[in-house]
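Worksheet: the structure to be examined is printed underneath.
The values are calculated or read from the model by the stated rules, or taken from the named source; none is laboratory data. Because the structure is predicted, anything quoted here is derived from the model rather than measured. Note: ideal-geometry Cβ built from the backbone for every residue, glycine included; neighbour counts use all protein chains shown. For accessibility, only protein heavy atoms count, side chains too; no ligands or nucleic acids. Shrake-Rupley method; radii C 1.70, N 1.55, O 1.52, S 1.80 Å.
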Amino acid sequence: MKKEITDDVITAYKQERENLKVSTQKCERLKVAIQNTLATSATALQRNDHMDTIRCYQKGQTELEACKDLVKEMQMSISTVSIEHDIDSDVTSLNFGKIFVRKQRRDFPGVPTLVKPLSQCEVKEIRKVNIKCPSDQGYCVARGVVYLPDGRIVVGNNNNQKIKLINDEGNVVDELNLDGDPWDLCMVDNTTVAAAITSPGGIRVVTVTSSKLTLSSVINKNKQYYGITYRDDEFIVSTGSEVCSVKKDGTTKTLYRYTGNVHALSHDSKDGQLFIAHYTNSTGRTAIGKLSTDNKYTDVLKVGVVKYPYGVDVDVEGNVYVCGNGSHNVVQMSGDGTNVRELLTGADGIACPSAISVCGDKLVVTNGSGQRDSIQVFQLV
């Protein structure tokens, strides 16, 4: 068993090393080609050779497109890699555990100038995942979801009082029963998520391993929470009448009071601005609001293209994604609300969308109505 585990580690290491070697070789070859084209272009200009200049221009255009494609490919694949040994806690099984390769994507400085911005990308469905399990007593109501950087998904199941872990192949690999109804979910770090709970209430902090969910802490169990996000080492939650910050020791501070229901929160990781989804369909009312780090509130989007907004999330470029639970759509908009477009509609299989999580160029959406028992994964291309 020890030899098998050791062999698995060596194999994983060699594969990752080979992947890096191939990417490096691609870059070197393209670099040499572009340098040759630049040198040839300079010579053609000196000789005033128009035909050679045109040929170099055409060759350069082809190489530029190849460069964009390569950068996009590497942007999606370059990551910090860790090789983990996941130990089986059951010592009677005589199982030494398994080797798992964990990847966390890394940002490329200057890459957005070479690849298409997410605000201009089209969307395509990658897969639909069934989240209904034999242990469920009723249909699923997924009001919160987190898309982890390594491709796994954690989804809440409000109707059955549990959260579930889905691997990158789309299979449910673990369930964690809770003593309350999970609403919104948020990522704390790559191995930790948190759930806002009603009935009885509070925050449940959960550790996520390769195939296991473990409850690690309970915060403010007697307080009802709906929306949740994690910012600057503290949780930001909605209670039904206000937005509060909650520290890990339970210390609570009111940030903003509002009227109506707020079911979801998210924030821009770059500037910390908080986005609030107001659950309403009244014409002229605010659908999405924004709260700055110094607690100044701004209306961002009025009810219109979005009705009864539910889930909300923000991508790495600052675009905001909103689930229109009553308008059966998902909208992508700029952080100031000036550029708004329907990203997904009923034609894409969307029905009463409830929660959304964006990770890089991928996003996962949960549905209500007749689509409760499944979630959809999409990619921006």
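Miscellaneous remarks
- Just one of (1) on the phi > 0 side of the Ramachandran plot; (2) modelled with pLDDT of 95 or more fails for ILE236. It is (1).
- Each residue in region 322-350 was checked for being at pLDDT 95 or above, aliphatic (A, V, I, L, M) and either in a helix (DSSP H, G or I) or under 18 Å from the mean Cα position of the chain (by Cα) (or both), and 6 of them qualify.
- Residue match in region 251-260 (condition: open to solvent by less than 20 Å² (accessible area, probe 1.4 Å), within 18 Å of CYS186 (Cβ to Cβ) and modelled with pLDDT of 95 or more): no
- For the criterion of being in contact (Cβ under 8 Å) with a residue 24 or more places away in the chain and not aromatic (Phe, Trp, Tyr), ALA66 passes.
- Single residue of ASP136, ASP184, ASP179, ASP174 found to be open to solvent by less than 60 Å² (accessible area, probe 1.4 Å), among the acidic types (Asp, Glu) and either in a loop (DSSP other than H, G, I, E, B) or in contact with a His (Cβ under 6 Å, 6 or more places away or on another chain) (or both): ASP136
- In region 39-69, the qualifying residues are those that are within 43 Å of the chain's Cα centre (by Cα) and of a type in the set (Lys, Arg), and the one that is most open to solvent (accessible area, probe 1.4 Å) is LYS59.
- Of residues in region 273-310 being open to solvent by 10 Å² or more (accessible area, probe 1.4 Å) and of a type in the set (Phe, Trp, Tyr), the one nearest to the chain's Cα centre (by Cα): TYR310
- Some residue of region 299-311 being out of contact with any strand residue (DSSP E or B) (no Cβ under 7 Å at 6 or more places or on another chain) and either of a type in the set (A, V, I, L, M, F, W, C) or closer than 17 Å to LEU363 by Cβ (or both): no
- Qualifying residue in region 209-226 (condition: open to solvent by less than 60 Å² (accessible area, probe 1.4 Å), over 19 Å from GLY180 (Cα atoms), out of contact with any Gly (no Cβ under 7 Å at 6 or more places or on another chain) and among the hydrophobic types (A, V, I, L, M, F, W, C)): no
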